Structures are given as C-alpha cells and as structure tokens.
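Peer 1: Just dropping this structure here.
The values are calculated or read from the model by the stated rules, or taken from the named source; none is laboratory data. None of these values were measured; they are calculated from a predicted model. Because the Cβ atoms are built from the backbone with ideal geometry, glycine has one as well, and the counts that use them run over all protein chains shown.
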Amino acid sequence: MLYSFIKTYSHNNKFTNMTKKYSVKGMNCPHCQAAVTKSIASVAGVTQVDVNLTTGIATVEGNYNEKDLMDAVRHAGFDIAD
C-alpha cells in the first residue's frame, strides 16, 4: 500500500490528523526535490514534509486539504498521486 493515514472527515472536505505518502513523478535532481518540498510546505495546514528524491515519495503531515496540496505540486510542474 502506497499510503497510510488516520483521517477524520468534516463537513468542509478537510482532513485532520493526517500523515500520508504521495508518489511524485518528474523529480530528477535536488533542485526538483526542493521545489516539491517548497510547494507542499506552502499549503495551509501542512506541518511537516519529507520528499525523498530516490523513491519519489513525499510524506506529508498536518491538517490540510488534499486538493490544495496536489494543485500546488502540479503548479510547480510535477505529477502527484496518492
């Protein structure tokens, strides 16, 4: 399984107490890794992010909207999937 998380779904489509792993495609250098890290960290509610360049896995913790996170990574020029 690519991800694991504990979630609570509220009426406004936001998750709480979540730690989730995402597959990020298109990273091939430390600059790419930094760009993905920065884009994820800019999302409201993200408290911790670790992007592994070798595996292409981003581990994200916090109380954030997943659509906002995915949009931020795509806006930075990378593909992301959960």
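Peer 1: Using beta carbons and a limit of 6 Å, which pairs, at least six apart or on different chains, have the first residue in region 25-39 and under 16 Å from Asp71 (Cα atoms) and the second one in a strand (DSSP E or B) and among the charged types (D, E, K, R)?
Peer 2: So the pair list comes out as Lys25/Asp79; Gly26/Asp79.
Peer 1: Working only within region 1-49, note down all residues that are in a loop (DSSP other than H, G, I, E, B), at pLDDT 85 or above and surrounded by fewer than 18 Cβ atoms within 10 Å (Cβ to Cβ). Even if it seems obvious, please write down each step before you answer.
Peer 2: Of the residues in region 1-49, the ones in a loop (DSSP other than H, G, I, E, B) are 1-8, 10-14, 16-17, 26-29, 42-45.
After this cut, where a residue has to be at pLDDT 85 or above as well, the list is 26-29, 42-45.
Matches in region 1-49: Gly26, Asn28, Cys29, Ser42, Ala44, Gly45.
Peer 1: How many residues are within 13 Å of the chain's Cα centre (by Cα), of a type in the set (Gly, Ala, Ser) and closer than 13 Å to Ile80 by Cβ if we restrict to region 15-63?
Peer 2: 5
Peer 1: Continuing with this model, one more query. In the list Thr59, Thr55, which residue meets the criterion of being exposed (fewer than 13 other Cβ atoms within 10 Å of the Cβ), among the polar types (S, T, N, Q) and at pLDDT 95 or above?
Peer 2: So the residue among Thr59, Thr55 that is exposed (fewer than 13 other Cβ atoms within 10 Å of the Cβ), among the polar types (S, T, N, Q) and at pLDDT 95 or above is Thr55.
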